[in-house]
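The values are calculated or read from the model by the stated rules, or taken from the named source; none is laboratory data. No experiment lies behind these values; they were computed from the predicted model shown. FYI the Cβ positions are ideal-geometry reconstructions off the backbone, even for glycines, and counts take in every protein chain you see. Accessible surface areas use protein heavy atoms only, side chains included; no ligands, DNA or RNA. Shrake-Rupley method; radii C 1.70, N 1.55, O 1.52, S 1.80 Å.
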Amino acid sequence: MTAEARQRRRIVADGLGVGLATGAYGLSFGAISVASGLDVAQTCALSLLVFTGASQFAFVGAIAAGGSPLSAAAAAFLLGSRNALYGIRLAPLLGWRGLRRTAAAHLVIDESTAMSVLRSTRDEARLGFLSTGLAVFALWNLATLIGAVVGNQLGDPRDYGLDAAVGAAFLALLWPRLREPGTAIPAAVSAVAAATLVPYSGPGVPILAAGVVAVVIGLVTTPPGAPKDGDPVVETQ
Amino acid sequence: METTTLWTGILLAALGCWLFKVVGMSVPKQVLERPAVSRVANLIPVALLAALVVVQVFAGDRELVLDARVLAAVYAVIALILRAPFLVVVFGAAGVAAAARLVS
């Protein structure tokens with residue numbers, strides 16, 4: 001096997017691993033959604049059509065708390081907005097256009113983004129994005145259906161340590177990026193901001209706040225007229 | 001009636017969340033080439049990953065908690081320093097957390 005084939009196989013295996021650890025959380029989502037008053041079809045529709053975990057948990061959380069379906073949708077929007085930020089980073093990397101880009105957009109989530117932005121070539125970025133995105137999509141939806149039908153009988157994913165697995169996966173994805181110049185401090189500030197907000201906000205808001213931190217630090221620390229990172233860009237203003 | 005509005009909420013949530021994804025993916029190349037946008041776009045995954053790590057490791061129900069996940073994170077850091085493969089880091093951390101909960 002060539003080194004390239006080995007690397008491709010490793011990217012797909014990593015994607016499937018993340019899909020397994022993350023997808024299993026669909027069990028929790030399915031069980032919580034039904035307990036919140038949605039039926040099985042509505043629960044599965046959320047996983048199939050919304051397909052961004054934090055937004056889905058926010059939606060059923062709002063319904064469980066007695067909120068209107070419109071306020072539930074608003075909570076889902078708020079948390080889903082970070083996927084737009086991911087898309088901005090992914091678009092030039094994946095290089096898809098038209099219908100293919102529109103379809104691929106459905107798979108833009110925390111995990112698929114993280115598994116593709118650190119790849120060095122477009123081919124590897126696409127492979128990481130698709131293997132992770134499709135694995136999470138398939139397993140998340142399957143697990144949602146099972147969780148919605150059987151409830152909590154399969155036990156809590158935490159009993160198998162899967163909550164810790166998801167944290168470790170994000171840490172492993174962050175790790176190599178911390179060595180790039182100018183990333184350690186924004187990462188630390190974002191982490192502190194997220195931790196500070198955890199006691200005062202619902203799930204997902206701390207993550208969104210970190211996105212805002214990134215935007216502010218990025219804008220403040222870009223010198224006027226600076227060239228793009230690593231590129232000899234001719235200014236055209 | 002109530003079922004209908006619940007379905008409306010679900011479809012609205014689906015449409016809105018998908019539009020966010022599509023809009024992000026459709027930002028024109030010229031905009032992305034601006035230095036400030038490029039710098040922000042590079043920082044966003046780093047910032048969000050850092051926040052996701054903190055939330056996954058320390059967040060409870062509206063509180064910060066220290067539990068088996070912290071031990072798993074310590075294992076993950078050691079495994080990463082030793083350059084362990086990704087899946088060894090991820091599922092090893094699950095094993096550490098599961099074992100810690102079993103004995104506690």
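Per-structure values
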{"quantity": "Criterion: within 12 Å of A:A172 (Cα to Cα), modelled with pLDDT of 90 or more and more than 7 Å from chain A (Cβ to nearest Cβ) - qualifying residue of B:A73, B:A93, B:A79, B:A99", "calculated": "B:A79"}
{"quantity": "Residues being charged (D, E, K, R) and at the interface with chain A (Cβ under 7 Å from one of its Cβ atoms) - total across the stretch B:39-70", "calculated": "4"}
{"quantity": "Subset of the stretch A:152-172 [at negative phi and buried (at least 20 other Cβ atoms within 10 Å of the Cβ)]", "calculated": "A:P157, A:L162, A:D163, A:A164, A:A165, A:V166, A:G167, A:A168, A:A169, A:F170, A:L171, A:A172"}
{"quantity": "Scope the stretch A:146-164; condition closer than 16 Å to A:T22 by Cβ and in a helix (DSSP H, G or I); matching residues", "calculated": "A:I146, A:G147, A:P157, A:R158, A:Y160, A:L162, A:D163, A:A164"}
{"quantity": "B:V37, sole failed condition from (1) out of contact with any Phe, Trp or Tyr (no Cβ under 8 Å at 6 or more places or on another chain); (2) closer than 27 Å to A:C44 by Cβ", "calculated": "(2)"}
{"quantity": "Those residues of the stretch A:75-84 which are open to solvent by less than 50 Å² (accessible area, probe 1.4 Å) and part of a helix (DSSP H, G or I), in sequence order", "calculated": "A:A75, A:A76, A:L79, A:G80, A:R82, A:N83, A:A84"}
{"quantity": "Given (1) touching a residue at least 12 places away in the same chain (Cβ under 8 Å); (2) in contact with a Leu (Cβ under 6 Å, 6 or more places away or on another chain); (3) open to solvent by 10 Å² or more (accessible area, probe 1.4 Å); (4) closer than 30 Å to B:A36 by Cβ, number of the condition A:G95 does not satisfy", "calculated": "(2)"}
{"quantity": "Evaluation of A:A226 against (1) open to solvent by 60 Å² or more (accessible area, probe 1.4 Å); (2) modelled with pLDDT under 65 (one fails), failing number", "calculated": "(1)"}
{"quantity": "Test: residue in the stretch A:116-138 that is under 26 Å from A:L49 (Cα atoms), facing chain B (nearest Cβ under 9 Å) and assigned to a helix (DSSP H, G or I)", "calculated": "yes"}
{"quantity": "Residue match in the stretch A:103-113 (condition: within 15 Å of the chain's Cα centre (by Cα), hydroxyl-bearing (S, T, Y) and open to solvent by less than 10 Å² (accessible area, probe 1.4 Å))", "calculated": "yes"}
{"quantity": "The stretch A:192-207 - residue that is closer than 19 Å to A:S81 by Cα and free of Cβ contacts under 8 Å to residues at least 24 places away in the same chain and, of those, most open to solvent (accessible area, probe 1.4 Å)", "calculated": "A:L197"}
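Conditions tested, residue by residue: (1) of a type in the set (S, T, Y); (2) within 7 Å of another protein chain (Cβ to nearest Cβ); (3) touching a Phe, Trp or Tyr at 6+ places or on another chain (Cβ under 9 Å).
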residue	(1), (2), (3)
A:V166	no, yes, yes
A:L173	no, yes, yes
A:T183	yes, yes, no
A:T196	yes, no, no
A:G204	no, no, yes
A:I207	no, yes, no
A:A210	no, yes, no
A:A214	no, yes, no
A:V220	no, no, no
